[in-house]
Amino acid sequence: GTAVQSLTAAFAAGGAAAVIVVLFVCLIGMVAGSSFGLFFAAQPTGNGTSLQTVVEQLGEDYYATINEIEQTTAHDRVEYLPDGLTAIRWEDVLSVFASDMAAADNGQPVAVLESAQIDRLKEILWLMNPVSYRTYTEDHEEEQTIVDEDGNETTQTVTVIETILEITVRHYTPQEMATALSFNARQDEQLTLLSN
């Protein structure tokens with residue numbers, strides 16, 4: 001709803017760290033009154049890592065991977081497909097992750113994540129936002145001016161071959177993920193609750 005739109009606008013404005021906290025609070029608020037409220041521990045328990053810390057680290061790793069593709073693949077220019085956007089829709093990823101965890105009888109607390117939960121959140125992040133790339137060449141004609149030893153200029157048309165690095169960042173919706181992950185009725189119900 002409007003909370004998600006406000007959060008998306010805040011992400012675009014660059015307040016990512018603050019928005020992650022707000023997003024988490026909003027997600028807790030959305031489910032606190034439901035039977036799903038048990039899923040989000042009000043107080044961190046155990047020795048895990050906070051959800052905020054995990055989200056920040058996974059986001060850094062994700063963008064580092066895209067940056068590494070750019071740095072290690074020879075190219076003249078980069079194109080991002082399908083729409084030029086690489087931003088992670090964390091509200092969608094966390095909704096799918098929370099619903100995925102709802103498969104357990106009583107849900108699992110996620111204010112603090114244990115190693116297996118972190119691995120699962122990372123897996124869902126990459127399943128929802130896969131990155132692939134390829135390079136291809138395009139040639140086009142360009143006029144070049146050549147000056148000889150006597151200072152005489154001549155213009156000639158040359159064919160320039162340009163290497164394009166095409167990076168595709170796909171963003172699957174929560175509903176597409178529910179199908180891909182074969183969510184059961186309980187998980188579908190929780191996803192519907194979190195996606196509204």
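The table that follows gives values for the structure above.
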item	result
Accessible surface of the range 81-172 [probe 1.4 Å, protein heavy atoms]: carbon and sulfur percent	44
Residues with amide H under 5 Å from that of S50, placed H, sequence gap 5 or more	L113
Sorted largest first, extent of the range 86-188 alpha carbons per principal axis (Å)	85, 26, 18
The range 90-196: GluC sites (Glu not before Pro) in DSSP loop, at most 15 other beta carbons within 10 Å	E114, E149
Surface accessible to a 1.4 Å probe, H171 within the full protein complex, Å²	20
Largest-first ordering by accessible area, 1.4 Å probe, given options S50, S182	S182, S50
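The values are calculated or read from the model by the stated rules, or taken from the named source; none is laboratory data. What you see is a predicted model; the values in this text were computed from it and never measured. All Cβ positions, glycine included, derive from the backbone under ideal geometry; neighbour counts span all protein chains shown. Ligands, DNA and RNA are stripped out before the accessible areas are found, and what is left, the full protein with its side chains, is counted by its heavy atoms. Shrake-Rupley method; radii C 1.70, N 1.55, O 1.52, S 1.80 Å.
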